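The values are calculated or read from the model by the stated rules, or taken from the named source; none is laboratory data. All figures in this text were calculated on a predicted structure; none of them were measured in a lab. Cβ atoms come from the backbone with ideal geometry, glycine included; neighbour counts cover every protein chain shown.
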Amino acid sequence: MRRCLVVLALAASCGGGAPALPPLAPVNTDPYRAEVAAQVAPLLASQLVDALVVGLVDGERTFVFGFGKVGAGASPDGATVFELGSVSKVFTGILLADAIERGEVAADAAIVSLLPMGITAPGSGERPITLLDLAAHRSGLPSLPPAIEARVHTADPYAGYGEDALLRDLARARLRAAPGRQVHYSNWGYGLLGYLLASRAGAPYAATLTTRVLAPLGLVDTFQQVPAGRAGRHAAGHDALGRVAPFWTFTPAMAGLGGLRSTTNDLLRLTRLLLDAHAAGGGRRGKPAPLAAALRRSLEPLPGADEASAAPEAVAMAMGWQIDGAGRRWHNGSTGGFHAYLGVDLERRHGVVLLAATSTAQVDRLVGPLFELLGGHAPEPLQLPGPDVLARHAGRYALPGSVVEVRVDGKKLVAASPGERPVRLAPISDDEYFIEEVGAVVVFARGEMVFVVGDQRVVATRIGADGPAPAPTPP
């Protein structure tokens with residue numbers, strides 16, 4: 001089953017001191033505690049998350065709420081460390097904005113001008129890939145370099161992928177589209193962006209980011225490598241089935257795409273600084289913020305691609321951000337054991353931070369309700385299927401050349417094919433489920449189990465417990 005789904009997935013994808021801000025001590029009282037707990041409760045009850053911290057910004061107030069357990073049974077809090085995954089791109093975007101403000105690079109600089117001498121980069125005629133192309137996901141680079149694509153479903157897919165491999169793969173890269181023409185989300189592009197900015201600054205990515213962004217902003221708990229003495233605050237990560245997952249490791253060559261760790265407290269501080277920088281830039285009274293010009297630049301919408309795209313990733317972009325229909329800047333990210341979300345509503349001065357110790361995009365279902373809550377509304381909690389609903393989907397389903405067995409394991413619906421590791425079917429509704437590992441939606445309908453990835457579909461037909469094995473796949 002996993003091999004079939006992986007094929008489907010690939011086909012579908014073809015300066016100064018810290019500012020003197022008011023303390024960001026979490027306010028663990030009303031008005032939001034009960035409402036937030038009600039939103040989180042279904043995720044905990046369905047064992048979709050092991051531990052979760054919710055951070056909210058409402059104007060000048062910040063709130064932190066921890067749920068579940070980490071370590072020796074303690075609840076997570078604003079100081080618990082989580083992997084950020086692709087939320088790291090927000091920091092790489094700020095690093096780019098700062099380099100532009102310093103006059104160190106130009107947004108339209110061709111990346112080949114920043115590469116080591118003799119290293120080439122793909123392009124189309126007279127239109128090279130620029131830094132802005134990387135930031136706006138319009139470089140044409142695939143989502144991942146070939147070497148990482150081949151091991152994307154391993155426990156630590158980016159481990160050991162360094163500068164030599166990055167430059168070698170870049171020289172051989174085949175673009176999905178000419179630079180600037182279309183938006184295609186590219187992890188590779190952001191890894192390359194972080195590498196180029198750090199190389200221009202003359203230091204590795206983590207050191208450059210710390211000196212230029214993290215230290216000036218007072219973000220003391222954001223880093224790539226966990227400092228000595230803080231490992232005890234790092235949550236253990238879990239996969240979608242609740243198994244402990246190893247931490248992901250990144251070399252400096254790719255850290256800019258997803259290699260950072262942070263805390264809810266630090267992300268709330270960043271949110272407040274972004275809001276203050278935006279307010280001051282709009283002529284409204286606001287507190288002075290360090291790197292204010294760079295923060296404002298990072299939030300500005302980037303020019304779109306030359307061609308409209310029907311791809312789901314064809315959304316508005318800022319430097320390190322995506323922009324939703326309400327104008328909110330946001331990014332999410334997952335690693336093998338964690339999920340993160342950061343969203344900022346610049347006009348209403350609202351922010352949402354979600355850090356989970358489980359690799360599941362189901363956490364993002366809290367985003368809309370939490371922004372509604374900040375806006376003064378009372379959203380209904382998620383309605384997730386109970387054990388009786390899960391049980392009616394249990395059974396055996398025939399795929400071409402294989403059989404999928406679906407069973408209920410406690411509060412989880414699990415699917416597996418012979419010889420393969422089981423995967424969780426995370427509930428979306430009574431009849432719709434999601435497989436995190438390959439980004440597949442599963443729909444149960446009329447005795448069928450339909451796997452959907454993008455516009456690709458595979459149908460598995462339900463068979464009896466003693467039914468015949470499926471016909472072998474033709475050679």
Worksheet item: Going by the conditions given, is Gln362 modelled with pLDDT of 95 or more, of a type in the set (S, T, N, Q) and touching a Lys or Arg at 6+ places or on another chain (Cβ under 8 Å)?
Response: no
Fill in: Condition broken by Gln47, with the remaining ones in (1) assigned to a helix (DSSP H, G or I); (2) surrounded by fewer than 23 Cβ atoms within 10 Å (Cβ to Cβ); (3) among the polar types (S, T, N, Q) satisfied
(1)
Practice prompt. Of all residues in region 259-318, count the ones that are at pLDDT 95 or above, part of a loop (DSSP other than H, G, I, E, B) and closer than 22 Å to Gly55 by Cα.
Written response: 2
Discussion item. With the structure loaded, tell me whether Leu141 is part of a helix (DSSP H, G or I) and under 24 Å from Met317 (Cα atoms) or whether it fails that test.
Written reply: no
Item to complete: Could you name every one of the strands (runs of 3 or more DSSP E) located completely within region 399-443 that has at least 2 residues being surrounded by fewer than 21 Cβ atoms within 10 Å (Cβ to Cβ) and of a type in the set (D, E, K, R)?
Response: 402-409
Discussion item. Here is a list: Ser86, Ser113. Which entry is in a helix (DSSP H, G or I), polar (S, T, N, Q) and closer than 17 Å to Gly258 by Cα?
Written reply: Ser86
Fill in: Any chance Ala253 is over 18 Å from Tyr158 (Cα atoms), of a type outside the set (S, T, N, Q), assigned to a loop (DSSP other than H, G, I, E, B) and within 19 Å of the chain's Cα centre (by Cα)
no
Worksheet item: Quick check: is even one residue across region 239-250 over 16 Å from the mean Cα position of the chain (by Cα), surrounded by 23 or more Cβ atoms within 10 Å (Cβ to Cβ) and at pLDDT 95 or above?
Response: no
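Here's the yes/no breakdown for (1) out of contact with any strand residue (DSSP E or B) (no Cβ under 9 Å at 6 or more places or on another chain); (2) among the hydrophobic types (A, V, I, L, M, F, W, C); (3) surrounded by fewer than 22 Cβ atoms within 10 Å (Cβ to Cβ):
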{"position": "Lys89", "(1), (2), (3)": "no, no, no"}
{"position": "Thr92", "(1), (2), (3)": "yes, no, no"}
{"position": "Ile111", "(1), (2), (3)": "no, yes, no"}
{"position": "Leu115", "(1), (2), (3)": "yes, yes, yes"}
{"position": "Glu126", "(1), (2), (3)": "yes, no, yes"}
{"position": "Asp133", "(1), (2), (3)": "yes, no, no"}
Worksheet item: Going through region 158-174 one residue at a time, which ones are part of a loop (DSSP other than H, G, I, E, B) and either surrounded by fewer than 19 Cβ atoms within 10 Å (Cβ to Cβ) or of a type in the set (Val, Ile, Thr) (or both)?
Response: Ala159, Gly160, Gly162, Arg174
Worksheet item: When you look at Ala416, is it out of contact with any Ser or Thr (no Cβ under 8 Å at 6 or more places or on another chain) and either under 24 Å from Glu149 (Cβ atoms) or not aromatic (Phe, Trp, Tyr) (or both), yes or no?
Response: yes
Item to complete: Filter region 180-218 down to the residues that are in a loop (DSSP other than H, G, I, E, B), small (Gly, Ala, Ser) and on the phi < 0 side of the Ramachandran plot, then identify the one that is surrounded by the most Cβ atoms within 10 Å (Cβ to Cβ).
Response: Ser186
Discussion item. Here's a check for you: in region 361-388, which residue that is over 23 Å from Leu270 (Cβ atoms) and in contact with an Asp or Glu (Cβ under 6 Å, 6 or more places away or on another chain) is surrounded by the fewest Cβ atoms within 10 Å (Cβ to Cβ)?
Written reply: Pro379
Practice prompt. Please work out if Val406 is under 26 Å from Pro369 (Cβ atoms) and at pLDDT 95 or above.
Written response: no
Worksheet, complete the sentence: Residue hits (region 219-238; among the polar types (S, T, N, Q) and buried (at least 16 other Cβ atoms within 10 Å of the Cβ)) are Thr222, Gln224
